[in-house]
Amino acid sequence: MFTLLLTSKVLDKIAILTNIEEPLVDSIDSNQDLRLMIKPPHENIQNAIQDENIQNAIHVKSIKEPHKPVVTKPGTENSHMDEAINRERSIIDEELVGYSFPPSVGPESLILERGGQPVRAMVATTWRSGSTFLGDIMSAHPATFYHYEPLLHYDIKQARSGALAEDAVRTIKSLMQCNYSKVDRYLKYGMSHPWLFQHNKRLWKYCPKRKKKQRKTKNSMCWKPEFLNRFCPLFPFQSIKTVRLRLNLTKSLVEDASLNVRVLLLVRDPRGTMQSRNHRVWCPNNPDCEDPARLCSDLVSDFHSFKALQSMYPDKYKIFRYEDFSMNPSNNTADVFNFFGLSFHPKVRSFLRSHTKSNRGGVSSTFRDSKTAPFKWREQLSIEEVEDIQDKCSEAMELWGYRKVPSPEKLKTFDPVIDLENFRISQRNEDKIKSL
């Protein structure tokens with residue numbers, strides 16, 4: 001298994017951008033054993049995070065009763081922020097009229113601004129494993145604030161252990177608590193990589209400038225902690241998807257009762273993942289992306305982490321293979337939402353109807369024929385590429401229920417998924433590995 005060890009100095013090099021101008025406020029368009037398997041990534045990670053928990057607790061405690069609309073002097077920096085916050089608060093209130101909350105649960109208990117704690121739904125996976133599709137489904141849910149790729153500023157790196165893992169956990173906790181005051185690297189990176197926020201449509205509509213010739217987002221209040229610290233707490237639901245955080249690191253998130261987070265591990269056939277990565281210009285020359293051995297080492301690690309964590313927190317962890325999910329996105333979305341504590345809302349059903357029937361757009365599009373998309377790799381990988389991946393991924397494929405190609409002639413026609421739509425993690429998987 002490959003272990004990535006980074007000093008804090010190296011971490012800074014990969015996570016900090018320099019020479020980035022300070023953002024300016026913009027105007028708004030008003031029309032728009034088992035425990036032995038889980039080891040802390042660093043012996044001091046719990047201590048390293050303790051102070052951050054205290055800071056976040058202080059941040060949340062400072063949020064009082066519902067705010068009345070704030071009126072400030074027109075044309076000022078604060079007036080633009082107030083306008084956006086007042087407007088979005090009203091939209092959220094309208095969306096929640098008639099919303100099907102669980103018994104004894106209401107918006108007051110879920111909105112940080114009003115002293116509650118949101119439902120936090122987290123998807124953990126790796127690059128090109130179907131998480132963008134699932135993340136967009138979750139963001140179609142009403143009144144949801146979407147933390148898209150909160151570790152995007154790590155570039156093409158996996159957080160497994162050491163300084164990078166510690167920073168990753170701190171960053172995600174801060175974002176879940178809507179505390180943007182200590183995630184400056186994240187925000188500075190986003191200023192020059194705007195897709196960091198583009199998937200968060202609830203926020204993004206306030207980001208671009210109004211004039212068509214000046215649609216630069218650097219000059220936007222969207223990168224201002226003083227705005228985000230007020231905007232994020234409006235939402236009773238948060239969705240988070242990350243492709244850079246290995247599953248063992250989610251333990252400290254789940255153990256923080258104030259976060260109220262549940263974690264879905266999304267897994268994909270490594271042959272499909274590698275084929276999909278072939279289309280991405282950012283993948284070559286980055287070992288964490290282009291090396292199937294590293295991918296499958298992570299799949300093995302995540303398998304054992306999941307078994308351990310689910311035994312300790314059975315209601316906090318769930319798995320889905322991408323291939324299983326894609327066979328029936330509607331029923332499986334209802335299953336996933338029930339696990340997270342979300343309503344299978346008509347807006348979500350509408351999104352699924354429009355995004356799962358045909359292929360449209362480029363390689364990053366989420367408009368897909370869901371039943372064929374997971375198996376495109378059989379047509380687009382050569383038998384030599386497939387056999388190379390299989391040789392490096394035997395253990396991972398056995399654990400997660402993927403068949404090897406029986407012969408070159410059957411590459412395009414064989415069924416690569418064992419127990420499609422009926423996969424269950426069991427001791428049988430591990431017994432098979434031990435007998436090899």
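The values are calculated or read from the model by the stated rules, or taken from the named source; none is laboratory data. On a predicted model such as this, the values are computed, not experimentally measured, just so you know. As a convention, Cβ positions derive from the backbone with ideal geometry for all residues, glycine included, and neighbour counts pool all protein chains shown.
Kindly indicate whether residue 229 is among the polar types (S, T, N, Q) and in contact with a Lys or Arg (Cβ under 7 Å, 6 or more places away or on another chain). Taking the combined requirement at face value, the residue does not satisfy it. Count of region 176-185 residues, restricted to those that are surrounded by fewer than 22 Cβ atoms within 10 Å (Cβ to Cβ) and either among the charged types (D, E, K, R) or within 12 Å of residue 147 (Cα to Cα) (or both), is 3.
Looking at residue 154, is it in contact with a strand residue (DSSP E or B) (Cβ under 8 Å, 6 or more places away or on another chain), crowded, with 23+ Cβ neighbours inside 10 Å, closer than 29 Å to residue 257 by Cβ and not hydrophobic (A, V, I, L, M, F, W, C)? Here the answer is no, as residue 154 does not meet what is asked.
If you check residue 294 against the conditions, is it surrounded by 21 or more Cβ atoms within 10 Å (Cβ to Cβ) and under 20 Å from residue 404 (Cα atoms)?
no
Among the residues of region 172-216, those identified as modelled with pLDDT of 85 or more and among the polar types (S, T, N, Q) are 174, 177, 179, 181, 192, 198, 200.
Pairs meeting the criteria (first residue in region 259-285 and on the phi > 0 side of the Ramachandran plot, second residue assigned to a loop (DSSP other than H, G, I, E, B), beta carbons under 8 Å, at least 6 apart or on different chains) are 260/117; 260/118. Here residue 318 fulfils each of the conditions (1) outside any helix (DSSP H, G or I); (2) over 20 Å from residue 263 (Cβ atoms); (3) within 19 Å of the chain's Cα centre (by Cα) apart from (2). For region 127-135, the count of residues that are in contact with a Leu (Cβ under 8 Å, 6 or more places away or on another chain), closer than 28 Å to residue 287 by Cα and of a type in the set (A, V, I, L, M, F, W, C) is at least one.
Residue pairs whose Cβ atoms lie under 8 Å apart, separated by 6 or more positions or on different chains, with the first residue in region 238-253 and closer than 11 Å to residue 172 by Cβ and the second basic (Lys, Arg) and assigned to a loop (DSSP other than H, G, I, E, B), are 244/157; 249/160.
Looking across region 267-291 at every residue that is buried (at least 17 other Cβ atoms within 10 Å of the Cβ) and of a type in the set (A, V, I, L, M), the one that is nearest to residue 248 (Cα to Cα) is identified as 267.
Return yes or no: is residue 305 among the polar types (S, T, N, Q) and at pLDDT 95 or above? Spelling it out, residue 305 is indeed among the polar types (S, T, N, Q) and at pLDDT 95 or above.
Considering 404, 371, 316, 357, the condition of being farther than 23 Å from residue 280 by Cβ, modelled with pLDDT under 90 and touching a helix residue (DSSP H, G or I) at 6+ places or on another chain (Cβ under 7 Å) is satisfied by 371 alone.
May I ask you to verify whether residue 252 is in a helix (DSSP H, G or I) and modelled with pLDDT under 95? No; evaluated as a whole, the condition is false for this residue.
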